[in-house]
Each structure stands twice: as structure tokens, then as C-alpha cells.
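The values are calculated or read from the model by the stated rules, or taken from the named source; none is laboratory data. Predicted model only: the values in this text are computed from it and were never measured. As a convention, Cβ positions derive from the backbone with ideal geometry for all residues, glycine included, and neighbour counts pool all protein chains shown. Ligands, DNA and RNA are excluded from the accessible area calculation, which covers all protein heavy atoms including side chains. Shrake-Rupley method; radii C 1.70, N 1.55, O 1.52, S 1.80 Å.
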Amino acid sequence: MNDRDTVLWPYSRRAAVLAVPLILFLLLVAVELMRASMGWPRAENERLVFIGIFFFSVLPLFLILVEILVQHGAVLEFKGLKVNLAQIPPAAPTIEFVATNIGVRTGAVNDSSSAQILDTLRDAMNREVVILDLEDGHAWWETRLLVLMAGAIRLGRPKAVVFLGTIGERQKQFFGWAYSEMIFRCLLRSDERFQRIYFRSQAAARQWRLIEPFPDGQMNPGPPAAIAGPVSLAQNRFFMAFSSGLPNEYAAEQLLASELGEKIENQGPPHSINLNRLQELFLPVLHSQSIDQDASKQDQLRQLTADDSEYIAVTSGRHYVQLVRRLSVLTVLVTNSVSSKA
């Protein structure tokens, strides 16, 4: 699923093509109805009316063309106007890298180490786009990515994730990017254990939200009788629910990480995410196209037309440079256009 909120044409290219004859037909019918009922347009105005009809009919295609033109690798040149990607800010706010395995690089997450992930989660959830370096394919576990994406789904950020990795001796190579929502769905479907643990931890976190904060400085009073069952998950992990008397903002993710650690990571080596696993899990939703600054103009334009999503990656010989938005490219294009005419 592509998020189209920030682009000129909010639908697919196929919809733009289909819209042309539909708009043309509706406008022609409207003109004929006005001619029959109002006697308009008159003969001397018909030419202008039909020019206007043609313009509005092809407007969807025009918007798609502008979107293509305003994204370019190194330099986009159109009738003397140049756009340099160095002028375009990255999709902001971003974080250089999320701490490997969300802060617990080795060993299964347990009740004690689960608190180590909170700073990483807090930082990542304040960003629109985050970057994960998979390194040689052993740095990130599927369980930890699930925790990060569960938080993204609940809080709405990060919106997208960029995946980098090491190929041979080359580090920070661009593997692709994807929307957090799609990553989460693919991960959850990949393992039934993920589904059970996720929904169980969500149920416990919802029970915690029904508990009022307690006075600052007071010791954690322990789980109230209102939480069902003496051996329920909400009862056993109640110490995660509050911090200094106030609700722990990331209690749901801390609980999920702890449960994944106990039920999966402790049972054997969890799946690591290397390039092959990345494609196996996320191929349908992974945007692997990029505009290479060193490529020819023809290759750059070919990459531009290969993907119409909200973001597009800029690379240099597959080394990741930045992720940019189409709207940012359009802003630079319009600014340069106005400056060149001034």
C-alpha cells in the first residue's frame, strides 16, 4: 500500500489513465446539457471551451508527469532548469540509525533487560523515518523488529523504515525501504507465535490503561484485584505498567519484547534478518528502487518511473545517501523556476 497523501495525484497511474476519457466524457455531456438548456456556449466561445475541456481531461496525466520530472538523481534538467538533489532535505525528522536490536544487541530480552529498550523506542517513535543497519545479516532479529513496528503501529511513528546492510566489504548499502504498517503486517503473518504473543500482550496493556496513576513517590502498589486472574500476564508484569506513578508510555512494547524473549528468543536462536530474509519477508512491500547519483540521465529517469510512492531513495553506487519526498523535490523545482524567471 502506497501512501499518497503528499503527492500531486493522490491515486495510481492506472487511475490517471482511466480518468482521462471519463473526465472528457463528463465534461462533454455537461457542455451539451448547458447548450440545450441555456444556449451556452455560443459559437464564438466554443473553441475556448473545448480547449478548457481538453486541459482538464489530461490534467491527471500532467500531474503524474510533473511528479516524475521533479524527482531526479544527480541533476534534473528541463528546459534549462536544473534540480540538484543536494538541495533537497531528507524526509525529516530522521534518525541516523536505530540502536541494533533496539538496544539489546545480544541475548534474549528478559524482565530486567526489557527496560533497556525504552530509550531506543522513545527516540525512534519521534521520527518520521528511521534507518536500520542489518550489517552482515546477524545484527537484527525478527522479534526485535516486530517490537519496533508494533510501537510504530500504535503511535503512528516511525512511518517508514530504511534497510541498509553490508555486501562484501561495502557497508551501508541500500537494501530498500517500506512503510511500517506493511512491515508489521508481513511480520505478524510470518509466524503464528508472533500473533499469539502480540495479541496477548496487547490485551494485558489494555488492562493496565484502566488503572489510575498513583501518587508520585509512592511505591508501586502492585496489581489491583480488578486485573483478572492471579496468573494473568497483566498481573505478572504489572511492574512494567507504571513509572514514578505515571503510566509507562511504552509498556505495551516493553511487555511484548519481554514475552518474545521468554517464549521465542530463549527457546533457540531467533531468525536474523539478512538480505535474503528481508526479501522473503517483505518483497511485496519493499521499495528497492533508488536514484543513483552516478547513473546516466536515462537510467535515472527509468528509476523515477519504476516507483510512484511518497518517498524515493538517493544512492551513490548503491551506498545510501538519503530518502527524500516528492513534495520536497517539487518545492526545489518551483523555487528554481521562479528564481530563473526573476
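In table form, for the structure just shown:
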{"item": "Residue selected from the stretch 238-279 under the condition open to solvent by 30 Å² or more (accessible area, probe 1.4 Å) and closer than 14 Å to ARG154 by Cβ, by the criterion farthest from the chain's Cα centre (by Cα)", "result": "PRO247"}
{"item": "Flag if ALA234 is part of a helix (DSSP H, G or I) and either under 22 Å from GLU142 (Cβ atoms) or in contact with a Ser or Thr (Cβ under 9 Å, 6 or more places away or on another chain) (or both)", "result": "no"}
{"item": "Only one of LEU148, LEU121, LEU132 that is hydrophobic (A, V, I, L, M, F, W, C), farther than 24 Å from SER243 by Cα and surrounded by 20 or more Cβ atoms within 10 Å (Cβ to Cβ)", "result": "LEU132"}
{"item": "Residue match in the stretch 162-170 (condition: assigned to a helix (DSSP H, G or I) and either without any contact (Cβ under 8 Å) to a residue 24 or more places away in the chain or not hydroxyl-bearing (Ser, Thr, Tyr) (or both))", "result": "no"}
